[in-house]
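Below is one structure, written out as structure tokens; the observations come after it.
The values are calculated or read from the model by the stated rules, or taken from the named source; none is laboratory data. Computed from a predicted model, the values in this text were never measured in an experiment. Virtual Cβ from ideal backbone geometry, glycine too; neighbours counted across all protein chains shown. The protein model used for the area step is the full one, side chains on, heavy atoms only, and it has no ligands, DNA or RNA in it. Shrake-Rupley method; radii C 1.70, N 1.55, O 1.52, S 1.80 Å.
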Amino acid sequence: MNRTSDVIVIGGGVIGCAIGYELARRGARVLIIEMRQAGLGATQASAGMLAPYIEGRAGGALLQLAARSLAIYDEFVPQVSADSGVEIEYLRPGTLQVATDEQAASALSEEASRLVATGVAARFVGPPELAETEPLLAPDIVGGLLVPSHGYVRAGAMTSALEAALVRHGARFEIGRVLEVVRGGGCLRVKMEAAHFDARTVVLAAGSWSGRVQIENVAAVPVRPVRGQLVQLESPAPLLRHVIWGPDCYLVPWADGTLLVGATSEDAGFDERATAAGVRDLLEAVCELVPHAWQAGFTGVRVGLRPATPDELPIVGASARLPGLVYATGHYRNGILLAPLTARLVAALILEEHADPVPELSPQRFGEL
Ligand code: GLY
């Protein structure tokens, strides 16, 4: 096997696959190294919600980057689908963030006005329109904030499509754990237990495991795992028309009647088990919002470790200590949403001389990386 590539991407989650895809379709020879099958980390436990004006509500860089990435989605998904031959369910039915008391309703109504003032389509929906907008919501829900541009993508389908597209563009996959990245003979060497691979550029995109990869003379990247459990229900037809965001859970209705209910947020180290408490909390939360959900079939629970950084923004950019090393990790709650933009930023950094780095995502904000 050829052990030399242009770029080695460490990590085969949605971020690693999207970066590899963008590089491979632009002609780079790409090797992706993943410790298990692609997309089985945080990616498979994601509900694939695309909601910048909820996730980025605090404003700042996350909001801007999330909105930029969502704007790429309309082009990204059909391109990956065409390159892979894999269909990807990607819909923008809007989100409805619901309030269960008058105080929360008035906060949502203010948020609607604030969004409109910044040019984002949004409106507050109160009774009786609420019952027509989402007929199966619990009657004690007093209002909701509708953001029509929001939506979801089926994260598993998108990752499978990216994998297939990568292979069509000549990329290779290697399964195993990366131990170390070192300098060697004018390039970087990625060492695994029983093999090593060389490349001019190495992208560290290993999510929660990024800090466990030893990098020659460079401190560990500050990413910690935050466990998320996601329950999957099914009914013969979709229970909901919108993605629902409630006080204790969010709900993503797929076209086939599957309802994703997410997500817990737990400091549990690298423990990827589902727990009885996590499943109970999610089931109670969904049935408070949608009582019909008690009658739905229970089809499983998924668990992922979200990679969180100290400021909860991703780390995307070149290492100042090890030439050729690029970080693309720490996407925390927004890996799916930020994947298309991250892929473009990293590909530009590697393939173009005058790439435009995003200062807020710089690895050096965390010291000598
Ligand atoms: N983006 C939603 C979550 O991480 O649960």
note = For the chain, the longest principal axis of the Cα atoms and the Cα long axis of helix 276-289 enclose an angle in degrees, to the nearest 10, of 40
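Taking only C-alpha pairs under 8 Å that are 6+ residues apart, what is the relative contact order of region 206-261 in percent? Write down the numbers at each step before the final one.
Numbers: 71 pairs, mean separation 15.9, N = 56.
Computed value for region 206-261: 28 percent relative contact order.
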remark   = Cβ-Cβ cut-off under 15 Å around Val147, Lys and Arg +1, Asp and Glu -1: the net charge is +1
note = Glu216 and Glu312 label points (each 7 Å along its Cα→Cβ direction) are spaced in nm at 3.8
note = At R0 = 41 Å the Cβ-Cβ FRET efficiency linking Glu234 and Arg183, nearest 0.05, sits at 0.20
task = Of the DSSP beta bridges with both residues in the chain, give the percent that are antiparallel, rounding to the nearest 5.
result = 70
message = Just to compare against my own numbers: the Cα pair-distance distribution for region 231-340, 5 Å bins, whole % per bin, please.
response = 2, 11, 18, 18, 16, 13, 9, 5, 4, 2, 1, 0
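Taking the Kirkwood radius as the inverse of the mean 1/r across Cα pairs, report the Rg/Rh of region 1-120.
1.08
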ask   = So what is the relative contact order of region 1-125, in percent, for Cα pairs below 8 Å that sit 6 or more residues apart?
value = 13
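Over the chain, average the accessible area per residue using a 1.4 Å probe and give it in Å², no decimals. Present the calculation step by step, with values, prior to reporting the outcome.
Values: 15260 Å² over 369 residues.
With all protein chains present, the chain gives 41 Å² per residue.
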key: Backbone N under 18 Å from the Ala121 label point (7 Å along Cα→Cβ), restricted to region 57-85   = 67-75
note = Ranking Ala82, Leu146, Leu136 by how far each Cα lies towards the positive end of the charge dipole of region 1-154 (+1 on Lys and Arg Cβ, -1 on Asp and Glu Cβ), the top one is Ala82
message = Just to confirm the number: angle between the C-alpha axis of helix 14-25 and the first principal axis of the chain, 0 to 90 degrees, nearest 10?
response = 60
query = Hey, what did the chain get for relative contact order, percent, Cα under 8 Å, at least 6 apart?
reply = 23
request  = Kindly sort Arg333, Arg224 by accessible area of their heavy atoms, largest first, with the probe set to 1.4 Å.
outcome  = Arg224, Arg333
query = In what sequence, largest accessible area first, do Ser208, Ser81, Ser265 appear using a 1.4 Å probe?
reply = Ser265, Ser81, Ser208
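Just from its helices, what would the mean residue ellipticity at 222 nm be for the chain, if runs of 4 or more DSSP H residues each count -39500 (n - 2.57) and the sum is divided by every residue, rounded to the nearest 500 deg cm²/dmol? Write down the numbers at each step before the final one.
Numbers: 8 runs with 107 residues, N = 369.
Counting only the DSSP helices, I get -9500 deg cm²/dmol.
Let me check I've understood the local charge: for Leu70, count other residues with C-beta under 11 angstrom from its C-beta, Lys and Arg +1, Asp and Glu -1. What total comes out?
Details: positive: Arg68, Arg92; negative: Glu55, Asp74.
Summing Lys and Arg as +1 and Asp and Glu as -1 gives 0.
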key: Accessible surface, 1.4 Å probe, highest first, among residues Asp271, Asp281   = Asp281, Asp271
ask   = So what does Thr4 come to for accessible area, using a 1.4 Å probe and Å² rounded to 10?
value = 60
request  = Give me the angle, in degrees from 0 to 90, between the Cα long axis of helix 155-168 and the longest principal axis of the Cα atoms of the chain, rounded to the nearest 10.
outcome  = 30
inquiry  = Please list, by residue number, every one of the trypsin sites (Lys or Arg not before Pro) in region 217-296 that is coil in DSSP and has at most 13 other beta-carbon atoms within 10 Å.
reply    = Arg273
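Once you wrap a convex hull around the alpha carbon atoms of the chain, what is its projected area averaged over all directions, in nm²? Working shown, then result.
Values: hull surface 72.8 nm².
Averaged projected hull area, Cα only: 18.2 nm².
In the chain, carbon and sulfur make up what percent of the accessible area (probe 1.4 Å)?
51
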request  = Could you pull the accessible area for Glu312 with a 1.4 Å probe, rounded to 10 Å²?
outcome  = 100
request  = Just read off the accessible area of Arg123 with the full protein assembly in place, 1.4 Å probe, to the nearest 10 Å².
outcome  = 110
